[in-house]
Structures are given as structure tokens and as C-alpha cells.
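Okay, so here's the structure we're looking at.
The values are calculated or read from the model by the stated rules, or taken from the named source; none is laboratory data. If you're wondering where the values come from, they're calculated on a predicted model, not measured in any experiment. Quick reminder, even Gly has a Cβ in these numbers, built from the backbone with ideal geometry, and neighbours come from all protein chains shown. Quick note on the areas: whole protein, heavy atoms, side chains included, nothing else; ligands and nucleic acids left out. Shrake-Rupley method; radii C 1.70, N 1.55, O 1.52, S 1.80 Å.
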4 protein chains.
Amino acid sequence: MKKTYQEVFEEVYEEVEYLPKQGTVADYIPELGTVSENRFGVYLASLDGEYAALGDAYEKFSIQSISKVFTFAMAFDVFGGDLWMRVGVEPSGDPFNSLAQLEYENGIPRNPLINAGALVIADFLLSHFEHPREAFLRFLRKLGNNPDIDYNPKVFESEKTFGYRNAALVNLMKSFGNITHPVAEVLDFYFFQCAIEMTCQELATSFLPFANHGVIPHSGERILTASRAKRLNALMLTCGFYDEAGQFSFKVGLPGKSGVGGGIAAVHPDYYAVAVWSPRLNKKGNSYLGMNFLERLTTKTGMSIF
Amino acid sequence: MKKTYQEVFEEVYEEVEYLPKQGTVADYIPELGTVSENRFGVYLASLDGEYAALGDAYEKFSIQSISKVFTFAMAFDVFGGDLWMRVGVEPSGDPFNSLAQLEYENGIPRNPLINAGALVIADFLLSHFEHPREAFLRFLRKLGNNPDIDYNPKVFESEKTFGYRNAALVNLMKSFGNITHPVAEVLDFYFFQCAIEMTCQELATSFLPFANHGVIPHSGERILTASRAKRLNALMLTCGFYDEAGQFSFKVGLPGKSGVGGGIAAVHPDYYAVAVWSPRLNKKGNSYLGMNFLERLTTKTGMSIF
Amino acid sequence: MKKTYQEVFEEVYEEVEYLPKQGTVADYIPELGTVSENRFGVYLASLDGEYAALGDAYEKFSIQSISKVFTFAMAFDVFGGDLWMRVGVEPSGDPFNSLAQLEYENGIPRNPLINAGALVIADFLLSHFEHPREAFLRFLRKLGNNPDIDYNPKVFESEKTFGYRNAALVNLMKSFGNITHPVAEVLDFYFFQCAIEMTCQELATSFLPFANHGVIPHSGERILTASRAKRLNALMLTCGFYDEAGQFSFKVGLPGKSGVGGGIAAVHPDYYAVAVWSPRLNKKGNSYLGMNFLERLTTKTGMSIF
Amino acid sequence: MKKTYQEVFEEVYEEVEYLPKQGTVADYIPELGTVSENRFGVYLASLDGEYAALGDAYEKFSIQSISKVFTFAMAFDVFGGDLWMRVGVEPSGDPFNSLAQLEYENGIPRNPLINAGALVIADFLLSHFEHPREAFLRFLRKLGNNPDIDYNPKVFESEKTFGYRNAALVNLMKSFGNITHPVAEVLDFYFFQCAIEMTCQELATSFLPFANHGVIPHSGERILTASRAKRLNALMLTCGFYDEAGQFSFKVGLPGKSGVGGGIAAVHPDYYAVAVWSPRLNKKGNSYLGMNFLERLTTKTGMSIF
């Protein structure tokens, strides 16, 4: 590639900045609705040390469901294949918070990247760590190379106050025996993880190990075996975008994960990690501009896993 | 009818006592599982003052879902047609605790006689009565003509400890805005109503007003208008037996309601009310022997609403 | 009752004729769409010989799904309980032509009064009668006391040309082994039965045996045992109105069956049969004015099975 | 990679030949059930001209659903994005022949690689080609570099005789207006494509263009633009294995497609195409030994798209 990533970023940005302002900011949690809808940032970190940044790349935002990748990585490292007794690896084909599917399938969530699956992963982590919140923050600060990474207490409280659907999911799974800790403890940790705030720069940096066969580039520390890192990427590709996973794979062609805060993080194995943030969501709950930017990025660079 | 109801009872009993002991006692709430599975009682009260009793007709048992008829009657009297903004009158065609259907139908339960619907009715009652538990007990004691009718605290606690699926239902409805009180308050009242204990004699007596156009025979007090009593009966016929309502209508042909405690109460409008109790349940959660007894009763007397 | 049925008819008609003209004529089969939407007729025949008629009570219209009651009655008489190996007796809780439910339930329709169930009943009749069309016409002419009752060839052809969803139902059931004859033969008979035309007078007359414990009043011939007639009524009450069975039971309180031609036939056991016709359908596919008329009729007479 | 693909093949084969003989040969179409269950063949063709073969690599077998990739490629080339008006790109999360999902989603299939979607693609091809069967054979012979590629008339007849579920799918979609040709014509072409027979060698050769940005290596002819070839691969990854797409992505990590004849074809973009055949299927309808072989192949070579 002759052009630098920064040059490609700027070309793509020129295209997308004139797109109609579609989509709406998530408001199912009031605290999320306070974000200015026109924020936009993107950051790419490559394995050979190059990086590119644009817009609000250094602004904190609520990572929400992107946190599911991190908790899954932690749990996968600790529990390995034991996870698959209680959660699957198939795309759900349904919205992120479907109770119907969970009921038909006897309380076993389709995969760890939908809400029900992440709640089971939270339950796993509660079994292993004495102080799971602290362990999680430590893990994120190590990945993101920044000791300041933290959660937003207001978002946490807001999640807690309006998280009825997640409460329904945990209760349903508990009725099937697929939750071992008290409902309130599982929800508490889950709302905590959703309330984490990171910048595009931190998110991209934190995803780099998944492009690097499980090793943190800046420290050399291995957080997952190469085989598990590969499988995590496979999982993100088929399950990372709720019922729009096919679209993302089809248009962007990279493993990744979105959050209702408007963030998307993705990796090109052996090459780079990228994080984009724009709070307006399409009807499927994924960042409208974020998906658009990534689609053009992989098209312009001709780089995708396919 | 030349034979007395007592004679018919005895004839039917001779037939059913040799039936194979099929079905199992409900154990999803441990406290329910402690009942002896061979208990059997039945009581009929007719509008012209005749009655018949057999077996454990004067033993208390947990009325469970039969309580839904009573809370609905209270709420129907207070709120009338306003109920239909938040709950339907259609058979569910699904098990009593289906979350899938509730999710597809945006948190509006199919009818007031399934769990989700009864939880909405509980929410209504919490809006009207300052002391809903007391009001409910007062209502039952008036209907059953016995000031001792009460709830079983052990069953109540057991429901509370293992009621995850009901918690899932309330949370899901709350996420759709169809529950106005705090989740815990609604569940508390609901578990209370399920934990009420009555005898067959008390249950049959309490159902008599529904056979009597809404008037309590022993006191002359009207608890429902004639039109509403008629509609309650219609509702019991189409929705009183979960996904076995058709079978019951087909074989027995009377409006009624079952509970997982093994009780069934039914009415023949203008004639009688009958309550039967036998704790072994068929796969649909209805008393195996109870349904059998009622089927033979209506066949032998040639009396059904059809 | 002091008033004659004719007097009640006229009172009710005065109320309903000023109702807003709601609903739309069925057009999924083009030939049905040619009917004038303002037609209205109603006829009641009582067991003691009284009758009442209003409007277009002697006009032919397409009975459509009401024919399911007649084919079921024929098959019930021949096959009795053997029917229940291949079709249920539960309300469907779903639209009349749901494939989803049929797939989940392995090709066993919920009841004989939805399309899938009627197709299985058609398959039964094909096994018993050498000339099933002729046998069916003979049966209808006997019930309706009129040798001219026949089918409309244009409607039949129209059904055949646009009956893709029914073709899907038969094929799906055949894939589950629940259809024994060739798909085309089953569909052919089914479209034939739907294309039968009758007047309100004929329909009410034909339903009288169901109010009369299975015996045709005008000839004394028994077409069903008393017990089976009772069960057919139970079935109509819980399953006769697709996913609006609860509403009809709730508001009208009579066993009955509707068709997309705008007809409804219902019975009050031991008293009368009534047929009403008005082609405008509500969203559930039932005659808007027909349901309204019957609701007022039972309210005014204070007569319902509840 | 130092080892040749042939060496890796032999190593993997030594491991899998001792695996328990699990799974059963498809028998929903009698003609498929006649294949010996112990056949096993595999062939890999790399873009740099290397190849590897083992076992029955040159035996013909019924490619069944793998044909969906070829018809989709043809239609994608002709119709481009117009396809997406009538078929999606999302994983179905359901068995390959689900009617329920199709009904809920108004006759729009989830993706072109499930039966319903392939039937819509067949309908597209019927609109474009005067002689679609001949055009399809020409396309396959060009890709597979063999003028003898043909269909098996016995399998075709068998499909036709027992294809009730596919008939249900077409009829349902036609009722929603999503099929433009007569039902019988669409089914006829679909059964024809399923009845195509190819060897592992031919299949791998035919998939090479998908690993080669849309160009046939042996002729230099372009059959798809690079962008569309990329999207086809994305589609195979998320949708190629019915409700086991996640598992395949997770364990194998290559875009591919399976058929109930026991074949699987997959590509590693920029590297190779591989086809494996073993008729015993797991519960999800995918070749038990075939999936196992490919999992070990990518693990041993350390090569996957993730």
C-alpha cells in the first residue's frame, strides 16, 4: 500500500462527512442520550507501528457492548472450552436482547456477544475473581496501556435503573439453572462493564492483541493462545453485530464488535485494529457513520479477510 | 336429574379410583412437592342449595393459579374495560409462562389467566388498594364464607425464592412499560395470591357467584355485574387451562381454572360450582385425576354448557 | 322472553345500521372481492320452530371457512376419535394460516377449524368417500333442506389460482407424513368446500342440528351422537374465530364459525342457530358488522351459554 | 509452510481415520441413501498450482446445496445489488428449511445459501436465461474445467418426488409475491441444481475463482468482480453451514458451503480451495468427517482467515 492509513482516513472522511445525518442516539438509557449526536472519531493502530487518527479520536465514550469482547477474552483464557457447556458460538439471527430465542433454547444463549451470553460470561467471571470489577479494570488498563481507564458511575446507575430487559434475561436463565450467582450480582457486574469509557485510541490499542495472535504488542504479554485469538475473531465476525452480522461481514469484511454508545472496534488479523465512534445508530443498533466509514476503508485499501 | 349429585359423585369415584396413578406432583417450588400425591377431594355446591362432597373435600391446599380468577374478578369490578388496554382476552396457545409470546406481542399478555396477565392484574390492584393483601383476603373470606382463609407463609417464601421465571416476566413487561409499580412489589403480591390455601368446599363456594350472574348466594351481595360475570366465564372457558383449554372445553365443557397445586374449580352457569383436588399433574400442568373426574361428571349428568 | 326474535332483530338492526362502515371486503381471492360491501343479512331458526329474518337473508354468499364445520362433522361421524392422531383440539392463538406453528408442532395442526386442520380433515374424507365432492354436497343439501345448494365454479377457480399459502400448508404437512393423498387432490377438495354458496337461511338451518344434540329437526335424522355434537360446539367456541376466538366468546358467548366471505354461523345449544352475513371484515378476518350484531343480540336477549 | 499440502493431508488423514464412525447418511431423498457411508475423498487446489488429493477424490457425488454457491455467483454477476430486494445476507440461525422464519419475515429469505434463498435465486435465473439448465451446466463445466459435469436424473426424480418442504417454501414465498415464475418451474430448476454431481477435484477447481478475486485461474476469465467475490466469501462464512455456521467459522475459519450429499467446499482467499466428501452427516446436516478434516487442516497449517 503506497498511501498511509492517515491519507486513506482523510479521503474516506471527505466522502462520509457529506452523507445525510441519519440514525438516532440510543436513549433506552437516559444517560446515553446526553451525548452530542455529531461526535465522530476514528483511530487505527497497525502491528508495524503505524497509526492514524481523525476527529474525536481521543474523547472518552461509553463502550457498552464492546466490553463483551473483553470479558469473553478474560473468561476464555481462564475457562477455555468449559464455556461451551453454557453458551454457544452461533449467530443469533435475532435482536441482541431476544428472550424468545433464549426460552426456546432452554436458557443457553446463542453466543457470548449478545446480552444473554455476556451475562453468562459475567457469571463465569464472578466464579473466578474475588474482585471481578477490579480484575476487569486491571485487564483493560493493561490492554489499553492507560491506567486511567474507568467506568462512568452515572451511566452505571442509569443502566441499573432501566435495565429491566437484562433483568428478565438473567432471571430466565436462572430459572433454567444457567446462572449460578444471585441475579443482582450478575447484573451489577454486567452494568459495570457496559459503563466503561474509552477513547478510539484506547479501544484500537486494546484490540491489537486480537490481530496479533493473542499477544499485546507494546508489552509482549500473551493474553490468549494463538488458537483462541483466532476463534475470538471468528466469533466477532459471525456474531459481533447482532442481527446485522451478515451485513457487516458482507460490506466490511472484518471481525469486530459494536456498542449502542456508537462505537465499533474491528481487527484485520496480522495487520491492524481500528476503532470508530459516532453516536447515531441505525435501526439495528449499530453506528450508522461508523459502519459506513469502515466499509469505505476496507474497500479503498482493498484489505479485508475475504 | 333424578340422581343426587352425591350419588353421581360416588359413581364417578368408583370409576376413577381404579385409574392408573399417572402424573407427578409439581416440584418447581419445593414447598409444593411436600404434599402427599394421593390426596383427592371434590365438592359441588348448587345454586338451589344442594351439595356433594367426597374424600379430602375439607382439606386445605395451595390454590396457586386459581387465585387468578379472584384477582381478575376484583380488578374487573374496579377497572372494567380499562383492563383491556394492558391485557388481552385471547387463549395463549402456549405454556402458562411463555416469555416468547410476550416478547413478540410487546409486553401485552394474551389474557389475565396466564402468569403474565395475572401479574398485570396484580399491578392494577396495587394501584387501587392501599393494602392489597388485606383487601384480597377480605374478598376471599367473603366469597368463601370463612374468616379463616389465609395464605401459607412457607409456600410464599418458596415462591419468592424460586420465582425466577415470574421475575423474568415482570421485568420484560416493565421494559415495555406495562408494569407501573416496582418489580419487587408486583412479585410480592403475586406470590402472596398464589400461596393462598383453601379447601374444595371453600373453593366451590367461592365460585358460586360466577354461576349466579355475579351475586354471592349466601349473602345476596353482588360482586360483579351480570354481564361481567358472563364474560369472566367466557374467559375461563377459553383461557383457564393454559395450552389445554381446548381439551378441557372439549371433554368437560365448563368454564374453569386449574392450579399447579392440583386444584380445579369450574362452574355450570345457573346450576352449580365444583372444585376438585388431586396433586398429580399431567404434562400440561393440570390435575390428571381432577380433569378426569370432571369429564365423567359432566358426561354422566349430561350437563355442560354445550 | 316476551319479545319475538324478529322484534329483537329489528331493534338490534336499528342500532347497528348507524355504525360507521368499517372493515374491508376480502380480496386475497379476486372473485371474493366482487361482492358489494354493503350487503347485510341475518337469519335465526329456533328449535321450537320460530324464525326471524332481516335484509339479504335469502341471498347466496360464499361460506368459505364455515364449510370447515360441515366437513369436520362428516369426518367426526365416520372416524370419531381417530381424528385426534392427526389434528388437535386447542385454540391456535395464531392467524388462520400460520405455517410457523405447524412447523414447530411437526405438521400436526392445532384444530380442525383452521386451514391446516381442515386440510387434514379433507384428507380423511378422501380416504372414506369414493366421490367426496358429491358426498359433501349431499350432506349439505340434507342439512340445509335444499337440493340446490352448490359451489361457485368461479370462486373455486379463483381459490385454485391464488391458493399458494394453502399449497404451502399441505406440502409442509405432507413432508411430515400427515397427508396421505396427493397434494393436488387435497387442495382440490378443500377449494371446493370453500367455494360452497349458501344463504343465511340455509346456513342457520344447517347449524340447527348442532343446537339439537346432533339431530336434524326437520327430518329427525341423527348426524352426530349427542356427545360429539357437544364436542363440536366446544370446538367452535374455542377455535371458531382464528385468533379472535377469545373476543367472540367474551362478547357473544356462543359457539360459532366465521368465514372470509363475511358469514358467521353460531348456535345456542337447546335454543337456536343463527347466521349473519356482511362482507366487510375486521383485521382478524371476521365480519365486522356480523360480530357486532351477534354481540348485541345475545346481550339484548340475555341469552348466552355463560 | 515447509510441508506440502499432500503431506499435511496424509498427516490429518492418519488422525481422522481412527475417529469413531459417527453420523448418518442423508435419507430424506431415497436416492441419496444408496451411497456407501464409508466413502471419503478430499482435494485441494492452490493458486500457485500445487494440489493434493486423497481417497475418493475423483469420485462423483451429489453436490446438493453446494450448488447454491454457483447459482448465487451466476445471479450476482447478472443482477448485482438488485438481488437484495428479495433476499437478505444475514445468517438464519435456523435449520436450512425453516418455514417459520420465512413466514415471520414476510417471504424474504435470510440469505441465498438456505433453501428459500436459493429458490429465489433460481427464480432470478429463470428470468434471465432462456435455457437456464443449459446455462447452469455451461457455467459449471467452465469452472470445473470438465465438459462432462452433469446432473443425476435419478436424484433429480427423487428430489422431485419427495420435495414437499421445498414446495411449501416456494408456495409460501409466492403467496408473499416473492416468486415470479410458476411454482413448478422454480422447483424443477432447483431440483436440477441439487442433482448435479461433481468430484472433489472438480469442486475444488470450481471454487478456486472465489479464492482468486473472481478470476478462473486456468483460463483467466473473470466470473465476478473482485468486490463481489469478496462478498460471496463473506456470505459463505456467515451463512454457509445452516445453523452451524458459527461452529465452522470458529473451528475451521474458512468461507465454505456444505451439502447433504456429504460434500464441503471451502476457500482460503489468496491461497487455495479445498473440497472434502464423506456422506455421514452430523445432526446439523453437515459432513461429520469433512468438518473434522478441515478443522485439523487449518489448525495444522496454521492458516485461516482469522
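As an equivalent ellipsoid, segment D:162-306 spans semi-axes of 28, 20, 15 angstrom, where each value is the square root of five times an eigenvalue of the C-alpha gyration tensor, largest first.
Centre-to-centre separation between the Cα atoms of segment D:202-263 and those of segment D:152-192: 25 Å.
Kirkwood hydrodynamic radius of chain A, from the reciprocal of the average inverse Cα-Cα distance over all distinct pairs: 19.0 Å. For peptide D:220-231, the mean count of partner chain Cβ atoms within 10 Å of a residue's Cβ comes to 2. With loop membership from DSSP and a limit of 11 other Cβ atoms within 10 Å, the longest segment of chain D without GluC sites (Glu not before Pro) is D:131-306.
In the context of the full protein assembly, residue D:301 retains an accessible surface of approximately 20 Å², using a probe radius of 1.4 Å and ignoring ligands and nucleic acids. Modelled label positions at residue B:157 and residue B:141, each set 7 Å beyond Cα in the direction of Cβ, lie 2.4 nm from each other.
Around the amide H of residue D:196, modelled in the peptide plane, lie the amide H atoms of D:63, D:64, D:152, all under 5 Å away and 5 or more residues distant in sequence or on another chain.
Across segment A:84-191, the convex hull enclosing all Cα atoms gives 112 Å³ per residue.
Note: the protein assembly as shown, Cα convex hull, 185 Å³ per residue. By the Stokes-Einstein formula, at 1.567 mPa s and 4 °C, segment D:4-160 with its Kirkwood radius over alpha-carbon pairs has D equal to 71 µm²/s. 3J(HN,Hα) along segment A:34-51, derived from phi through the Karplus expression 6.51 cos²θ - 1.76 cosθ + 1.60 where θ = phi - 60°, amounts to 7, 6, 5, 6, 9, 5, 8, x, 8, 9, 10, 10, 9, 5, 8, x, 6, 9 Hz, with x in place of Gly and Pro. With the label put 7 angstrom out from Cα along the Cα-to-Cβ vector, residue A:104 ends up 0.5, 0.7, 0.9 nm from the copy partners, going from closest to farthest. Site pair residue C:27 and residue D:78 shows an inter-label distance of 3.3 nm when each label is modelled 7 Å from Cα along Cα→Cβ. Our analysis of segment B:131-231 gives Rg over Rh at 1.05, with the two radii drawn from alpha carbon positions and Rh computed by the Kirkwood formula.
For residue C:215 and residue D:59, the FRET efficiency from 1/(1 + (r/R0)^6), where r spans their Cβ atoms and R0 equals 56 Å, is about 0.20.
Peptide A:156-166 has a mean of 2 when you count, residue by residue, the C-beta atoms of other protein chains within 10 Å of its C-beta. In this Cβ point-charge picture (+1 for Lys and Arg, -1 for Asp and Glu), segment D:186-251 has a dipole of about 420 debye about its Cα centre. Between the label point of residue B:218 and that of the same position in each other copy, find the distances and list them shortest first in nm, with every label point placed 7 Å from Cα along the Cα-to-C-beta direction. Inter-copy label distances (nm, one decimal, shortest first): 5.2, 7.9, 9.3.
Can you list the trypsin sites (Lys or Arg not before Pro) in segment C:193-276 that are in a DSSP coil and have 14 or fewer other beta carbons within 10 angstrom?
none
Sorted from shortest to longest, the distances between the residue D:18 label points of this copy and the other copies are 6.3, 6.6, 9.2 nm, with each point 7 Å from Cα along the line through the beta carbon.
Of the chymotrypsin sites (Phe, Trp or Tyr not before Pro) in segment D:1-67, the ones in a loop by DSSP (not H, G, I, E or B) with at most 16 other beta carbons within 10 Å are D:18, D:28, D:58. Shielding value for D:262-269 is 1, the average number of Cβ atoms from other chains within 10 Å of each residue's Cβ. Computed about its Cα centre, the charge dipole of the protein assembly as shown is approximately 0 debye, with only Lys, Arg, Asp and Glu carrying charge at their Cβ.
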